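Working notes, structure below.
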Amino acid sequence: MDRRVFLLAVADFLLATGYFAKAQQAGKIPRIGYLAGRSSPEPRDEAFRQRLRDLGYIEGKNIVIEWRWAQGKIELLPGFVAEMIRLNVDVIVATGTPAAQRAKEATGTIPIVIATGDDPVEMGLVASLAHPSGNVTGVTTMATELRGKMLELLKEVVPRLTRVAVLWSPVDRRFVRNFRELEVDARSLTLRLQSLEVRGPDELENAFRAASKERAQALIMLRAPVINAHLKRIADLAAKNRLPSIHDDGVFVEAGGLMSYGTDFPYLYRRAAVYVDKILKGTRPSDLPVERGHKFEFIVSLIAANQIGLTVPPNVLVRADKVIR
């Protein structure tokens, strides 16, 4: 083999194995941009940080994390992404579809790891789960069937349930689609839905007044930044109006809500940390298949049940992964 051909072959090998990427990182502390639509850190965020520690990354020592919280205001996300680009972050962790979309719109070169979100193929973030292409990869929930299961649980818990209020936000076409799909699930369970649309936190009080006026018997929430950022307030309003409530996030129960059924988010965030580690070591996002979340948990709060005078049937409690007493 001629020397030039040999050297080119060695260079190709080193490039493929990430050698040059690692060499560029030598002596440089990696910087992660952490983009969240929520208002403050939650256990899932600590799960992400702890998994990084397990992988050898200590914040402030050999890695920097630029935490950005949008307080439920999607309009703040583009500015945060622009700031991360100016800071020359090595990877952006996007917690949720809106964050991932804004990051993808802003950069086609900085690797983006989705920590949770809707179907990234449908959202135009990746070409396919197995072969993402581009600069986006990560983990996703893709669990639309969970919404129907939440309605089933409400029906088991609330005697003679016929009318369910739905707290949701119509600010994104995804959320409109989610509501329409929930309507189909409700019809199959002979339930009527009352739409409670909110675009900002100042509309929450009126939404609950409307639910009370129409005599809703229970409440289900559909994931959206404005809702996820105000779970404590929503839990308090549900208790005040004596409405049995359910969300897809265990944080809602920790905030005082009655029930949650959904993805084990801390698990997804730990997996996102693994993706970050691989990318920092030179793996391209396009070579990392998107992982679909497969761990779910059902949580019930008997404290919240007692507040509204509700008895949770034993056959429901026995299925719970966690019961708060």
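The values are calculated or read from the model by the stated rules, or taken from the named source; none is laboratory data. Remember, predicted model here, so these are calculated numbers, not experimental data. Quick reminder, even Gly has a Cβ in these numbers, built from the backbone with ideal geometry, and neighbours come from all protein chains shown. Ligands, DNA and RNA are excluded from the accessible area calculation, which covers all protein heavy atoms including side chains. Shrake-Rupley method; radii C 1.70, N 1.55, O 1.52, S 1.80 Å.
So which residues in region 270-323 are hydroxyl-bearing (S, T, Y) and more than 17 Å from L129 (Cα to Cα)? If you could, list the steps in order and put the result at the bottom.
Taking region 270-323 and keeping what is hydroxyl-bearing (S, T, Y), we get 275, 283, 286, 301, 311.
Selection gives S301, T311.
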Give me the helices (runs of 4 or more DSSP H) completely within region 209-310, filtered to those with at least 2 residues that are in contact (Cβ under 8 Å) with a residue 24 or more places away in the chain, open to solvent by less than 40 Å² (accessible area, probe 1.4 Å) and among the hydroxyl-bearing types (S, T, Y), ordered by residue number. 265-280
What about V139, is it over 23 Å from Y267 (Cα atoms) and open to solvent by less than 10 Å² (accessible area, probe 1.4 Å)? no
Quick test for you: out of E46, E66, pick the one residue that is in a helix (DSSP H, G or I) and open to solvent by 10 Å² or more (accessible area, probe 1.4 Å). E46
What number of residues in region 225-234 are more than 17 Å from the chain's Cα centre (by Cα) and either among the polar types (S, T, N, Q) or over 23 Å from T116 (Cα atoms) (or both)? 1
Do we find that T190 is in a loop (DSSP other than H, G, I, E, B), without any contact (Cβ under 8 Å) to a residue 40 or more places away in the chain and at positive phi in this structure? yes
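Do you know which of the residues in region 311-325 that are outside any helix (DSSP H, G or I) and touching a Leu at 6+ places or on another chain (Cβ under 8 Å) is least open to solvent (accessible area, probe 1.4 Å)?
Ranking the qualifying residues of region 311-325, first place goes to V312.
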Pairs where the first residue, in region 42-61, is over 16 Å from R31 (Cβ atoms) and the second is open to solvent by 70 Å² or more (accessible area, probe 1.4 Å), C-beta under 6 Å, 6+ apart: A47/R270; R51/R270
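Here is a yes/no grid of residues against (1) at pLDDT below 95; (2) over 23 Å from the mean Cα position of the chain (by Cα); (3) among the polar types (S, T, N, Q):
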site	(1), (2), (3)
L204	no, no, no
F208	no, yes, no
S212	no, yes, yes
R223	yes, no, no
